[in-house]
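Colleague: First the structure, then my questions, so here it is.
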Amino acid sequence: MKNQFNLLNEDNKTISYEHEEQKLQKMLNQQTLPKHIAIIMDGNGRWAINKGLPRFFGHHAGVKSLKEIINACCDLEIKVLTAFCFSTENWKRPQEEIDNIMQLLVEYLTNELINLCAKGVRINPIGVLQELPQPVREVLDRAVRHSRDNDRLILNLALNYGGRLELIKAIRGISSAVEKGTLKADQIDATTVEEYLFTAGQPEPDLLIRTSGDSRISNFMLWQIAYSEIWFTDILWPDFRRMHLLRALVDYQERDRRYGGVKDGKM
């Protein structure tokens, strides 16, 4: 049970967050917000270990952060949010941790589906889904069916996802089309590749956020983030809140996105 001192600290932190949020919100230009935000939600395990808890408690706490960021994206009218939930490399983790993560996914989508649909969120899992446990596949299928007509926010849940594997699957799909004669090799361009990615039809991420202090991409959306602005933070994912998202957005809007060119004749 929390003591009075801890409760006071949490209350003060909440007040501080709200004050900071209000200040950052006023700094935002609604017209230049990113259409697509991608997040590498890192640091769950370290958050738990720092508190003397099993790693699973960090994943459970991370769900609260995801809920808050989904709500913030809906409020800000962001069109696409991609959350890196489970990578192709995460199968190397202890089986108990994997089982707990999969069960958490089932519980989250079971408990939150009605709320997500009420907010207009469309669930779109991306990755090699057929390799996920059956209970996870079943709850994902249900979530996709019930949310398919929602158009406020596309929520890409990257599960058993790897950027290299995505590109391999795209190459195989394109190669198959060439073999069948439905596509000529000299017709292949960037648009063709994008049509074979898990995110086909979606805008590329304007902003990539990675939490927990690591400054690497970790095999995430290798094609799609070619021109994404990247925002690294030391904040561990379970501590990431709307205020931190607003900080990232303010920083994003201060950047000069030239896509390899120059603006206004400047060098």
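Here's the yes/no breakdown for (1) of a type in the set (Gly, Ala, Ser); (2) under 18 Å from LEU222 (Cβ atoms); (3) buried (at least 17 other Cβ atoms within 10 Å of the Cβ):
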| position | (1), (2), (3) |
| --- | --- |
| LEU105 | no, no, yes |
| ASN115 | no, no, no |
| ARG122 | no, no, yes |
| ALA143 | yes, no, yes |
| ARG164 | no, yes, no |
| LEU167 | no, yes, no |
| SER175 | yes, no, no |
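Colleague: Before we move on, is ILE69 of a type outside the set (D, E, K, R), under 21 Å from GLU254 (Cβ atoms) and outside any helix (DSSP H, G or I)?
Modeller: no
Colleague: Of all residues in region 229-254 being among the β-branched types (Val, Ile, Thr) and within 12 Å of LEU208 (Cα to Cα), which is surrounded by the fewest Cβ atoms within 10 Å (Cβ to Cβ)?
Modeller: Ranking the qualifying residues of region 229-254, first place goes to ILE230.
Colleague: Of all residues in region 34-68 being of a type in the set (Val, Ile, Thr) and under 16 Å from HIS244 (Cβ atoms), which is surrounded by the fewest Cβ atoms within 10 Å (Cβ to Cβ)?
Modeller: Applying the filter and picking the extreme gives ILE40.
Colleague: Let me ask something else about it. Test GLU166 against the criterion of being assigned to a helix (DSSP H, G or I) and more than 20 Å from MET41 (Cα to Cα), and give yes or no.
Modeller: Considered against the rule, which asks whether it is assigned to a helix (DSSP H, G or I) and more than 20 Å from MET41 (Cα to Cα), GLU166 comes out as no.
Colleague: Is it the case, given these coordinates, that LEU24 is of a type in the set (A, V, I, L, M, F, W, C), modelled with pLDDT of 60 or more and part of a helix (DSSP H, G or I)?
Modeller: Spelling it out, LEU24 is indeed of a type in the set (A, V, I, L, M, F, W, C), modelled with pLDDT of 60 or more and part of a helix (DSSP H, G or I).
Colleague: Counting just the residues of region 69-103 that are touching a strand residue (DSSP E or B) at 6+ places or on another chain (Cβ under 8 Å) and among the β-branched types (Val, Ile, Thr), which one comes out surrounded by the most Cβ atoms within 10 Å (Cβ to Cβ)?
Modeller: It comes out as THR82.
Colleague: Looking only at residues that are free of Cβ contacts under 8 Å to residues at least 40 places away in the same chain and among the aliphatic types (A, V, I, L, M) in region 215-257, which one is nearest to GLU194 (Cα to Cα)?
Modeller: By that ranking, first place goes to ALA226.
Colleague: Starting from region 112-134, take each residue that is within 21 Å of LEU165 (Cα to Cα) and β-branched (Val, Ile, Thr) and list its partners that are in a loop (DSSP other than H, G, I, E, B) and at pLDDT 95 or above, counting only C-beta distances under 7 angstrom and pairs at least six apart or across chains.
Modeller: Pairs found: ILE126/PHE198; ILE126/THR199.
Yes/no matrix, rows are residues, columns are (1) over 13 Å from the mean Cα position of the chain (by Cα); (2) over 17 Å from THR233 (Cβ atoms); (3) among the polar types (S, T, N, Q):
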| residue | (1), (2), (3) |
| --- | --- |
| LEU24 | yes, no, no |
| ALA48 | yes, yes, no |
| PRO54 | yes, yes, no |
| HIS60 | yes, yes, no |
| SER65 | no, no, yes |
| GLU77 | yes, yes, no |
| VAL80 | no, yes, no |
| PHE84 | no, no, no |
| SER87 | no, yes, yes |
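Colleague: Quickly run through region 139-163 and pick out the residues that are in a loop (DSSP other than H, G, I, E, B), of a type outside the set (Gly, Ala, Ser) and touching a residue at least 60 places away in the same chain (Cβ under 8 Å).
Modeller: Selection gives ARG152 alone.
The values are calculated or read from the model by the stated rules, or taken from the named source; none is laboratory data. What you see is a predicted model, and the numbers here were worked out from it, not measured in a lab. Every residue, glycine among them, receives a Cβ derived from its backbone with ideal geometry; neighbour counts consider all protein chains shown.
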